[in-house]
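The values are calculated or read from the model by the stated rules, or taken from the named source; none is laboratory data. Just so it is clear, the model here is predicted, and its values are computed rather than measured. Positions of Cβ are generated from backbone atoms using ideal geometry, with glycine treated the same way; all protein chains shown enter the neighbour counts. To get the accessible areas, we keep the full protein, side chains included, count just its heavy atoms, and leave off ligands, DNA and RNA. Shrake-Rupley method; radii C 1.70, N 1.55, O 1.52, S 1.80 Å.
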Amino acid sequence: MLPPSWKRDIASGLIVLVPLLVTAYVVAFIYQSIANLPLLEQALANQPVVVRVVVTLVLFALLVLSVGYLMRTTVGDLLEQSLDNVMNRLPGLRVVYNASKMAVETAVSGPEDLQTPVKLETWNGMRMTAFKTGKTTDDGKDVLFLPTAPNITTGFVVEVEPDRYEEVDEKVEDALTRILSAGFGENREQSIQIDVTEETPAPRADDEAVDD
């Protein structure tokens, strides 16, 4: 068995290195997938490395813009739904697909799209984390987004009276961390304050005898 200090060091190292390795692998995979296209590979065979990298990045940017423009149309919505249905029927791969899609949607949308976190009492004594959308209804109710955990891309849009929820002094990033981690995440900036009181040692029997 490894000592506890070694386990902590290994965990800390994995937390730093694994995201970097995954990011590098994804970037390299995307680059190789585009650069190894038959026509592109033949056209850039005798070109310097800088030219090949620039052309590959430009083609990738054009591909992203083209697909993004297609997704704004009805045909794009149908294609996305069909693709989701196909991928969700593949055992094992559907987990990777949904996790990757959720991560990209979260990274692209960013926390700035969500406003102040609030606490909403959905049942007697039970509170849930919601976010202000900045919108109000015609009858004066605030529109809140109540995300699900750990997938914040789904949730509920609720219309609530302003006095039915409580604003909290919390950052959007901290609230998202708690939801994305299914409640297991915590804010590293917060610390638990422990009141420490010094106890006066009780007098010993021999000390009392000396005093007498």
Check your understanding: Which distance in nm do the two modelled labels at residue 62 and residue 135 give, with both placed 7 Å along the Cα-to-Cβ direction?
Key -> 3.7 nm
Exercise for review: With a 1.4 Å probe and every protein chain left in place, tell me how much accessible area residue 153 has, in Å² to the nearest 10.
Suggested key: 60 Å²
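Top to bottom by accessible area (1.4 Å), largest first, where do 131, 60, 145, 184 land?
Ranked list, largest accessible area first: 184, 60, 145, 131.
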**Study point:** Nearest-10 value in Å² for the accessible area of residue 7, using the 1.4 Å probe
**Key:** 100 Å²
Review point. Say each of residue 29 and residue 97 gets a label point 7 Å from the Cα, pointing the same way as Cα to Cβ; how far apart are those two points in nm?
Key: 1.4 nm
Study note, to complete from the structure: Rounded to the nearest Å, the spacing of the alpha-carbon centers of segment 112-151 and segment 51-103 is 30 Å
Point to revise | Dipole magnitude of segment 1-155 about its Cα centre (Cβ charges: Lys, Arg +1; Asp, Glu -1), debye to nearest 20 | key: 400 debye
Revision key, fill the gap. The size of the Cβ-based charge dipole (Lys, Arg +1; Asp, Glu -1) of segment 118-161 about the Cα centre, to the nearest 20 debye, is 240 debye
**Study point:** Accessible area per residue in Å² at 1.4 Å probe, computed on segment 1-102
**Key:** 82 Å²
